[in-house]
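Structure record follows, encoded as structure tokens.
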Amino acid sequence: MTQRLDGTVAIITGAARGTGEATARRFVEEGARVLVADVLDEQGREVAASLGEHAVYRHLDVTQPDDWKAAVEAVTHHFDDPGVLVNNAAILDVGSIAGMDPAVLTRLVAVNQIGPYLGIQAVIDPMKRLGGGSIVNVASIDAIEGSNGVAAYTSSKWGLRGLSKAAAIELGRHGIRVNTICPGGGNSEMVAPFMEEAIERLKDMTERLPDRPIPPFNRRGQLDDYANAILWLASNESSYVSGTDLVVDGAFTAGKVEPGAPFS
Ligand SMILES: NC(=O)c1ccc[n+]([C@@H]2O[C@H](COP(=O)([O-])OP(=O)(O)OC[C@H]3O[C@@H](n4cnc5c(N)ncnc54)[C@H](O)[C@@H]3O)[C@@H](O)[C@H]2O)c1
């Protein structure tokens with residue numbers, strides 16, 4: 001049976017753990033060869049080694065144009081021109097607008113928005129040589145709505161969603177598709193450093209503790225829920241889909257429950 005990414009070479013940023021790692025594993029299962037890229041070198045090397053000859057690790061700080069150039073050269077040399085780029089790497093910080101140093105916003109925008117911008121620039125030529133490609137930008141439900149405490153992260157992810165739409169329009173003529181996925185969750189390691197403080201703030205509101213099940217499915221998203229959505233956007237199954245936002249959150253942001261209206 002043909003695999004869904006047979007013959008495809010993909011670069012996945014932030015693939016040393018979490019959603020990026022899960023995506024690298026799904027891609028290899030579907031026949032892709034993958035450049036596992038991250039700044040966590042030891043973990044990244046372990047992920048790539050566990051995927052055998054179908055994956056190779058490379059240190060790639062997404063904020064560094066030279067790292068991008070070197071990564072694209074390396075993957076082309078090792079496998080072939082990349083036909084898929086997953087801009088997954090990101091960082092989080094938490095705090096009120098009133099209390100947060102603007103330098104935090106600068107740092108988050110550099111990684112979460114400028115990083116993907118540099119990535120898109122770096123793959124245009126190889127994707128043109130291939131006659132097309134698919135770029136998947138991993139945003140968040142924080143790119144669909146706003147909430148308190150994450151203004152810097154939210155700003156960077158809305159920016160990424162806008163970048164995706166502009167890029168989809170500019171690059172469509174080259175057969176390059178650009179889409180966004182907006183996961184409702186991800187790796188708890190990303191949010192863990194901020195949890196103690198959050199739990200302290202929530203101590204009198206136990207029903208809202210961060211490990212609560214998420215309605216209406218009453219479960220949290222699994223990394224493979226996100227990886228499978230990324231896989232679909234990367235594959236030719238979505239060949240006429242570009243410039244879109246795929247929200248993967250079990251209807252969490254779909255709307256509101258109307259009290260008194262029929263419910264089931
Ligand atoms: N964790 C969540 O709750 C959640 C929710 C919605 C969306 N997301 C998004 O999903 C994506 C994956 O995050 P995750 O949940 O797997 O968290 P994660 O922290 O495990 O993954 C992020 C990865 O990016 C890497 N990274 C950070 N800065 C980098 C840089 N400058 N260059 C290269 N790599 C860098 C990290 O080392 C890490 O491996 C991110 O875009 C994130 O914003 C996460």
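Values in this text are rule-based calculations from the coordinates and carry no lab data. These figures come from a predicted structure and were not determined experimentally. Because the Cβ atoms are built from the backbone with ideal geometry, glycine has one as well, and the counts that use them run over all protein chains shown.
Taking the listed residues Gly175, Gly184, Gly149, the one that is of a type in the set (Gly, Ala, Ser) and more than 30 Å from Gly255 (Cβ to Cβ) is Gly175, with no other qualifying. Scanning the stretch 123-141 for residues that are in a helix (DSSP H, G or I), in contact with a helix residue (DSSP H, G or I) (Cβ under 7 Å, 6 or more places away or on another chain) and either of a type outside the set (A, V, I, L, M) or within 13 Å of the ligand (Cβ to nearest atom) (or both) yields Pro126, Lys128. Residues that are more than 8 Å from the ligand (Cβ to nearest atom) and surrounded by 15 or more Cβ atoms within 10 Å (Cβ to Cβ) within the stretch 48-63 comprise Ala48, Leu51, His54, Ala55, Val56, Tyr57, Arg58, His59, listed in sequence order.
Can you tell me which residue is nearest to the ligand (Cβ to nearest atom) among those in the stretch 175-203 that are over 12 Å from the mean Cα position of the chain (by Cα) and crowded, with 18+ Cβ neighbours inside 10 Å?
Just the residues of the stretch 175-203 that are over 12 Å from the mean Cα position of the chain (by Cα), to begin with: 175-178, 188-203.
Then keep just the ones that are crowded, with 18+ Cβ neighbours inside 10 Å; that gives 176-178.
Working: Ile176: 20, Arg177: 19, Val178: 15 Å.
Filtering first and then ranking leaves Val178.
If you filter the stretch 160-174 down to residues that are in contact with a Phe, Trp or Tyr (Cβ under 9 Å, 6 or more places away or on another chain) and within 30 Å of Gly99 (Cβ to Cβ), you find that the one that is nearest to the ligand (Cβ to nearest atom) is Leu160.
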